[in-house]
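Only one structure is covered here, and it is reproduced in the block below.
The values are calculated or read from the model by the stated rules, or taken from the named source; none is laboratory data. Since the model is a prediction, treat every value here as computed from it, not as a measurement. Note that we place each Cβ from the backbone using ideal geometry, even for glycine, and neighbour counts take in every protein chain shown. Heavy atoms of the whole protein, side chains included, go into the accessibility calculation; ligands, DNA and RNA do not. Shrake-Rupley method; radii C 1.70, N 1.55, O 1.52, S 1.80 Å.
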Amino acid sequence: MSSEQTQTKWGQFIPLVTVFFFWGFVAASNDILIPVFKKAFDLSQAESQLVSLAFYIAYTVGALIYNGISVIIGQDIVNKLGYKNSLALGLVISALGTLLFYPAANLHSFPLMLSGLFIVALGFSLQQTVANPLAIALGPIKTGSQRLTLAGGINNFGTTIGPLIVSFAIFGSAANATTNISIESVKIPYLILGGAFIAVAVFLKMSSLPDRPALVEAVVEDTKSIKGSALQYPQLVLGMIAIFVYVGVEVSTASNLPAYMEKDLGFAIKDIAPYISLYWASMMIGRWTGAVEAFTDNISTQKILRFIAPYLAFGIFLAVNAIAKHDLAPFYVYGLIILVLIAADMASKGNPARMLLIFSAIGITALLIGMFTKGMVSVYAITSVGLFCSTLWPCIFTLAVSGLGKHTSQGSSFLIMMIMGGGIISWAQGAVSEFTGIQYSYIVGIICFAYLAFYAWKVAGILRSQGINFDQKISGGH
């Protein structure tokens, strides 16, 4: 094999990860739109969470449409159109969704706003279907995980700066921000975003990305399996619920935080963006910490990087907020909380089931502190959930598809469809808050983490009975 074949095609990979940035940018920006829409349209907390519901349910609808059309035409859509064409199509679909923000703002229509977000996410569903296997294909299979980890880091950079940019576009700079909310201020940022979608679609179409890459398929010894469907594997069925509640607690924790800070703590909406940015930056901090073994096999270097990587990511958060002219003083103490993440990562010893159990237990602890304390202690506790959600996606995904053999691809598609939990659980927490108040509505997140802890314990036994054990750490993220 030539050196060219064994090296990552970075010239093709770098433009590809632009779409990973978009996913994070838009998803985190929704947390700024929620309080804006709530005030502009006079919504209840449950109604405001329809923003998350419309966005995340589109992933499931998109997957169903994708599979339905593939069945009708008798061929996989991506295989028929090609990877590059499909990726460009997904970007165009998302761009069409942003166009709806203009008439929605002019007509002061919340349903039209939701429709725009839904269509944007439909495009994202197709993009995710294409981009992940394409990233793996752009180089040797043994470094595929490293490329996805890097792509996840780019995604988290989008989640970190997205709330800040959208907040600036709506309210102005932190020093000169206005407290007046006009729904028309939303349309220009999203029209610009739509233009960016089209520009990247054209750029990718003209790039050297392969339209039909040589995808590497894993060779799995499956001769003993007599199961006819992925749904006959308990680790997958329980894992589908785990993905549902994981994405749910990840999204609902952030999407309900603005209402808590505004209503219970007296924050102005314009001052909440840095804390939403911190939550999503926490995801980046956790993923960078969990990814250090992807870059070196040297144990001593890994120990050093395990401390450098999270604080480097934290430094990026501080830098972008300094550029946005936000006061950094409230955030320095968060550096101490990061030490808990590092300790938990070391305690997991690379076992995904153990990591899922430990991080879920700490997630429960963080939410309990957030529920039963006051002021900034509760805010930091709730925000720290991002640290302990950060590596759960690859843990669950790996455990759920282990042992599926020839049914692995089918199982993966079922897991992706469960991303809808992000919208449904966010709405459920909003509904609970109408009876308990925002702070105590985080009991919903505790229930989610409790199931994840149960799944970690249960699936470990299931896989052991199938002769499957883990002794290598995984990295990456949703």
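In a DSSP loop and with at most 15 other Cβ atoms within 10 Å, the chymotrypsin sites (Phe, Trp or Tyr not before Pro) in region 320-396 are 332. Sequentially through region 442-457, phi angles give Karplus couplings (6.51, -1.76, 1.60; θ = phi - 60°) of 5, 4, 4, x, 5, 4, 4, 5, 4, 5, 5, 5, 4, 4, 4, 5 Hz, Gly and Pro residues having no value and appearing as x. For region 195-203, 3J(HN,Hα) computed residue by residue from phi via the Karplus equation (6.51, -1.76, 1.60; θ = phi - 60°) reads x, 5, 4, 5, 4, 5, 4, 5, 4 Hz, glycine and proline entered as x. Sort out for me the Cα centre separation of region 17-52 from region 318-343, rounded to whole Å. So the separation of the two Cα centres works out to 23 Å. These residues, 451, 190, go from largest to smallest accessible area, 1.4 Å probe, as 451, 190. Counting only heavy atoms of the protein chains and using a 1.4 Å probe, residue 305 has close to 50 Å² of accessible surface. The figure for residue 264 is an accessible area of roughly 70 square angstrom, using a 1.4 Å probe on the protein chains alone. Across region 236-243, rounded Karplus estimates of 3J(HN,Hα) from the backbone phi angles (6.51 cos²θ - 1.76 cosθ + 1.60, θ = phi - 60°) give 6, 4, 5, x, 4, 5, 4, 5 Hz, Gly and Pro being marked x. Separation of region 355-429 and region 244-304 by C-alpha centroid, Å? Distance between centres, Cα-based: 12 Å.
Pairs from the list 303/325; 80/205; 263/325 with a Cα-Cα gap above 26 Å: 303/325.
Protein-only accessible surface at a 1.4 angstrom probe places the residues 349, 458 in the order 349, 458, largest first.
By how many nm would the segment from residue 327 to residue 199 grow when fully extended, if each residue of separation counts as 0.36 nm and the alpha-carbon distance is taken off?
Between residue 327 and residue 199, full extension yields 42.6 nm more.
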